[in-house]
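> What follows is a structure written as structure tokens; I'll ask about it next.
The values are calculated or read from the model by the stated rules, or taken from the named source; none is laboratory data. Remember, it's a predicted structure, so these values are computed and weren't measured experimentally. Please note: Cβ atoms are built from the backbone with ideal geometry, for glycine as well, and neighbour counts cover all protein chains shown. The area values use the complete protein model at the heavy-atom level, side chains included, leaving out ligands, DNA and RNA. Shrake-Rupley method; radii C 1.70, N 1.55, O 1.52, S 1.80 Å.
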Amino acid sequence: MIYLDNNATTRVDPRVAAAMLPFLTEHFGNPSSRHGVGAAAAAAVRAARRQVQGLIGAAHESEVIFTSCGSEADATAILSAARARPERRVIVTTAVEHAAVQAVCRDLEKDGYTLREIGVDGEGRLDLAAFARALTPEVAVASAMWANNETGAVFPVVELAEMAHAAGVIFHTDAVQAAGKAEIDLAATKIDMLSLSGHKLHAPKGIGVLYLRRGTPFRPLLRGGHQEKGRRAGTENVPGIVALGAAADLARRQMAEEVPRIAALCDALQAEILARVPGCRVLAAGSPRLCNTLAMVFPGLEGEAMLAHFDRRGLAASGGSACNAGGMAPSHVALAMGLSPVLARGMIRFSLSRETTAEEIAAAAGIVVEVAAACGSGLGLASPRGRAAYV
Ligand code: PLP
């Protein structure tokens, strides 16, 4: 299987698995326990915190709070900012956020908050003037993702954080897709909160981080235990934390070499498909993009049917966000960029990782070209529902 769905999840790096294993069996202690077994676990958590700090350039290791996933980090950040300043009743976010951010914002809207969702243009670029206008004194928090999970489009979050700060607004960014692929140096920015997730950078599922800048007002989502300095209750997921630390360290050390290599592979895939599939188009081509993400639309072809044919030929990709998989709803990101619902249904996302090889990219391009040609010319490739795969 050629796996080009790394924005959905990544394979756990064997070195990461090796680092975490002893913390399942040998060093199984509770970091809060006052004995040697607990102390070993506590030391490992401290080391992992420093490794994550290194990846994101946080000024203080205490700014790293371990959570259960990226979604929890997103929810904690937004709800915390809202609760910390209850007199402020407006939330600013963007039209293309991941469901983890969108759902929390919509819930707050039901509770009486006003939601200002800033739009993007046809290339996935944020309307900066509208963002600036939205930052009024009633805003509790502004949340804009670092990089889009569907198109890879990168927002200028360092600049957005500065705009927010100038207006006295707390700024959060969902960097779940950016961590390990984009340079992050938080100490040099005004970003107050940032979310990341282990399983997008070759650590296991079920571990994430909320970065919380020192001095930022904070209200925990989970209360009870004193873990994470009282900011996130629940006995620490020590194996997951150790794994995320190891993954962060590997990502930090390999980025300078891997980012240009992955970008070149992604460019090669894009060039080959553009040259050989008439009418197809790259989404967010006019925007800065993550090195690993290529989203395309194939007019007249149904994305879901193409994905099923890819799968049969040994290519794993995805349409829109993985969270939409199984549903026929066109991607909200594609719609926000002005695509028609019909065109949006023809969207396919290829997402590479440091494990992707040049041979795989050449083979993947061949499969895409073959399936697009067969579907487009009506050569009888049946869709999963038995309908013709071309519409
Ligand atoms: N934010 C973005 C941009 C994502 O792509 C994802 C996962 O797809 C999440 C948040 C949620 O992360 P997790 O699966 O760790 O909850």
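> Which value in Å is the Kirkwood Rh of region 29-98 over different Cα pairs?
14.8
> Let me ask another. Would you list, by chain and number, the aspartates and glutamates whose Cα falls below 18 Å from the Cα of residue 200, excluding same-chain residues fewer than 8 positions away?
Counting by Cα, and skipping residues close in sequence, residue 200 has these aspartates and glutamates nearby: 5, 13, 72, 74, 97, 150, 174, 183, 249, 258, 355.
> Here's something else I'd like to know. Pull up the DSSP beta bridges for the chain and report the antiparallel fraction as a percent, rounded to 5.
Antiparallel bridges make up about 55 percent of those DSSP assigns within the chain.
> Out of 247, 208, 233, whose Cα points farthest toward the positive end of the dipole of region 208-264 (charges: +1 Lys, Arg; -1 Asp, Glu; placed on Cβ)?
The residue sitting farthest along the positive end of the dipole is 233.
> Summing -39500 (n - 2.57) over the DSSP H runs of n ≥ 4 in the chain and dividing by its residue number, what mean residue ellipticity at 222 nm do you reach, to the nearest 500 deg cm²/dmol?
-12500 deg cm²/dmol
> Quote the relative contact order of the chain in percent (integer), defining contacts as alpha-carbon pairs under 8 Å separated by 6+ residues.
Once normalised by length, the contact order is 22 percent.
> Okay, moving on. Below 21 Å, Cα to Cα, which lysines can residue 190 reach? Residues fewer than 8 away in the same chain don't count.
Partners found: 181.
> For the chain, with only Lys/Arg (+1) and Asp/Glu (-1) charged at the beta-carbon, what is the dipole magnitude about the Cα centre, in debye rounded to 20?
The dipole magnitude comes to about 780 debye.
> Looking only at region 86-170, where both bridge partners belong to it, what percent of the DSSP beta bridges are antiparallel (to the nearest 5)?
In region 86-170, approximately 20 percent of DSSP beta bridges are antiparallel ones.
> Please give the net charge around residue 133, taking every other residue with its beta carbon less than 14 angstrom from that of residue 133, where Lys and Arg add +1 and Asp and Glu add -1.
Its environment carries a net charge of -2.
> Please calculate how many Å² of accessible area the chain carries per residue, with a 1.4 Å probe and no DNA, RNA or ligand atoms counted.
Normalised by residue count, the accessible surface of the chain is 39 Å².
> Name the long-range amide H neighbours of residue 281: under 5 Å, sequence gap of 5 or more, or other chain; modelled H, no Pro or chain starts.
For residue 281, whose amide H was placed from the backbone, the distant partners under 5 Å are 297.
> Here is a follow-up. Decide, for region 167-323, between rounded, prolate and oblate: order the square roots of the alpha carbon gyration tensor eigenvalues as a ≥ b ≥ c, take rounded if a/c falls under 1.5, and otherwise choose prolate if a/b is larger than b/c, else oblate.
Prolate, since a/c reaches 1.5 and a/b exceeds b/c.
> Separation of region 70-136 and region 157-188 by C-alpha centroid, Å?
Using only Cα atoms, the two centres lie 14 Å from each other.
> Taking H as built 1.01 Å from N, whose amide H comes closer than 5 Å to the amide H of residue 93, not counting residues under 5 places away?
Under 5 Å from the amide H of residue 93: 116, 117, 118, 143.
> What does the C-alpha gyration tensor say about the overall shape of region 104-215? Classify as rounded when a/c is under 1.5, otherwise prolate if a/b is larger than b/c, or oblate.
Working: a/c = 1.44, a/b = 1.39, b/c = 1.03.
It is rounded, given that a/c, with a ≥ b ≥ c, falls under 1.5.
> Shifting gears a bit: Express the carbon and sulfur contribution to the solvent-accessible surface of the chain as a percent, rounded to the nearest whole number, probe 1.4 angstrom. Let's see the in-between values first.
On the way: 8520 of 15200 Å².
Here carbon and sulfur together make up 56 percent of the probe-accessible area.
> Ordered by packing density, taken as the mean number of other Cβ atoms within 10 Å over each peptide's residues, highest first, how do 156-168, 92-104, 265-277 rank?
Details: 156-168: 18.5, 92-104: 22.4, 265-277: 16.8.
Those peptides, ordered most packed to least, come out 92-104, 156-168, 265-277.
> Classify the chain from the C-alpha gyration tensor, please: rounded if a/c falls under 1.5, else prolate or oblate depending on whether a/b exceeds b/c.
Oblate.
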